[in-house]
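K.L.:
One structure follows; several queries about it will come next.
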Amino acid sequence: MTRKLGLSVLEKAVYTRLTTHASTNSYSTYGYVPKNVSFPFISMQGFSGIVSPIFDNRDTEAEANYFEIHVWSDYRGNKEALDMQNNIIQALTGSSLSITGYQTPFDLELDYSDIFIDDTDEDKIKRHGVMRFRVEMAPS
């Protein structure tokens, strides 16, 4: 068996879930954010992985992968960004992701969440929410 990283199939599974789930399919979702994008939107970034510490004593090539979901809102206040984050949690943790070539994820958890004020554009203050998830994956 040739060893492959599961990050590309994980990214595809997350993108598919966000763009098809009822709680998140109304937001535009991007891996690469184009110029002049309309708010609100979701961007996917920061996919990384390590050998899984949960499976380290078993005969498997399991991975602990991390990814970030960013929410962007131009709504005055945090409400829209917080609602988006709650909807993303529902979409990603409500049922197991189907990841090609991998068993049903052993574990998918929210690792971190925050919302920042982005005032880099003087004409429009935005809310930027960051969520980091961890998923344990074992090849099937």
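Bear in mind that the values in this text are calculations on the coordinates, not laboratory data. Remember, predicted model here, so these are calculated numbers, not experimental data. FYI the Cβ positions are ideal-geometry reconstructions off the backbone, even for glycines, and counts take in every protein chain you see.
K.L.:
What do you get for the angle between helix 7-20 and the principal long axis of the chain? Use alpha-carbon atoms, 0 to 90 degrees, nearest ten.
P.N.:
Around 50 degrees separate the two axes.
K.L.:
Still on this structure, please answer the following. Would you mind getting me the FRET efficiency between residue 50 and residue 83? Use the beta-carbon distance for r and R0 = 30 Å, nearest 0.05.
P.N.:
Using R0 = 30 Å, I get an efficiency of 0.40.
K.L.:
Working from Cα positions, state the angle (0 to 90°, nearest 10) between the long axis of helix 79-93 and the longest principal axis of the chain.
P.N.:
20 degrees
K.L.:
Whole-Hz ³J(HN,Hα) for each residue in segment 21-33, computed from phi via Karplus 6.51 cos²θ - 1.76 cosθ + 1.60 with θ = phi - 60°, x for glycine and proline: what do you get?
P.N.:
Going residue by residue, I get 6, 4, 7, 10, 6, 7, 8, 6, 10, 10, x, 10, 7 Hz, with x marking Gly and Pro.
K.L.:
Counting only DSSP beta bridges with both residues in the chain, what percent are antiparallel, rounded to the nearest 5?
P.N.:
Around 90 percent antiparallel, to the nearest 5.
K.L.:
Mind putting a number on the dipole of the chain about its Cα centre? Charges go on the C-beta only, +1 for Lys and Arg and -1 for Asp and Glu, and I need it in Debye to the nearest 20. Spell out each step's value before the answer.
P.N.:
Details: 13 positive and 19 negative charges, 77 e Å.
So the magnitude is around 360 debye.
K.L.:
Using modelled backbone amide H atoms (1.01 Å from N, in-plane), which distant-in-sequence or interchain residues come within less than 5 Å of residue 28's amide H?
P.N.:
Hits under the 5 Å cutoff: 42.
K.L.:
Here is a follow-up. Rounded, prolate or oblate: pick one for segment 1-40, where a ≥ b ≥ c are the square roots of the eigenvalues of its C-alpha gyration tensor, a/c under 1.5 means rounded, and failing that, prolate if a/b is larger than b/c, else oblate.
P.N.:
Values: a/c = 6.25, a/b = 1.82, b/c = 3.43.
Oblate, because a/c is 1.5 or more while a/b does not exceed b/c.
K.L.:
Using +1 at the Cβ of each Lys and Arg and -1 at the Cβ of each Asp and Glu in segment 7-137, identify which of 117, 23, 64 lies farthest towards the dipole's positive end.
P.N.:
23
K.L.:
What ranking, highest mean first, results for peptides 132-139, 24-31 when packing means the other Cβ atoms within 10 Å averaged over each residue?
P.N.:
132-139, 24-31
K.L.:
Which peptide among 122-129, 78-85 comes first, and what is the full order, when sorted by highest mean count of other Cβ atoms within 10 Å?
P.N.:
By packing density, highest mean first, the sequence is 78-85, 122-129.
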